[in-house]
Amino acid sequence: MAITYNWNISVLNCIPQTAEGADYVVTAHWQCTGTDGTYTGQVYSTCSFPVVQGTTFIPYQDLTLETVLGWCWANGIDKAGTEAAVLAQI
């Protein structure tokens, strides 16, 4: 059975202004959906990011899905474990 996984970011919570820049993202609401063509499973959660002074700041309008998901996976979201949980639902 081949499963197709789709990762998405639905909401970004921001601090309006920090020393690093405006609209500093501190929380991402994410979901992982998987389907085998007949059945579907989904996991939804959030991931928080600390405000780190002196880091490379990416303006909000320049953020990509890949960038934010990378932050999630670097901050404790287990990609393989999440996809296994979705598979277990299917």
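Points to keep in mind about this one:
- Residues that are modelled with pLDDT of 95 or more and not in a strand (DSSP E or B), drawn from region 12-36: Asp36
- Search result, residues across region 37-90 that are loosely packed, with under 11 Cβ neighbours inside 10 Å, within 11 Å of the chain's Cα centre (by Cα) and in a helix (DSSP H, G or I): Glu66, Ala74
- Here Met1 clears all of (1) out of contact with any strand residue (DSSP E or B) (no Cβ under 8 Å at 6 or more places or on another chain); (2) open to solvent by less than 60 Å² (accessible area, probe 1.4 Å) except the condition numbered (2).
- From the list Tyr39, Tyr5, the lone residue that is more than 29 Å from Gly54 (Cβ to Cβ), at pLDDT 95 or above and in contact with a helix residue (DSSP H, G or I) (Cβ under 7 Å, 6 or more places away or on another chain) is Tyr5.
The values are calculated or read from the model by the stated rules, or taken from the named source; none is laboratory data. Everything quoted here is computed from the prediction, not taken from an experiment. Glycine also receives a Cβ, built like all others from the backbone with ideal geometry; neighbour counts cover every protein chain displayed. Ligands, DNA and RNA are stripped out before the accessible areas are found, and what is left, the full protein with its side chains, is counted by its heavy atoms. Shrake-Rupley method; radii C 1.70, N 1.55, O 1.52, S 1.80 Å.
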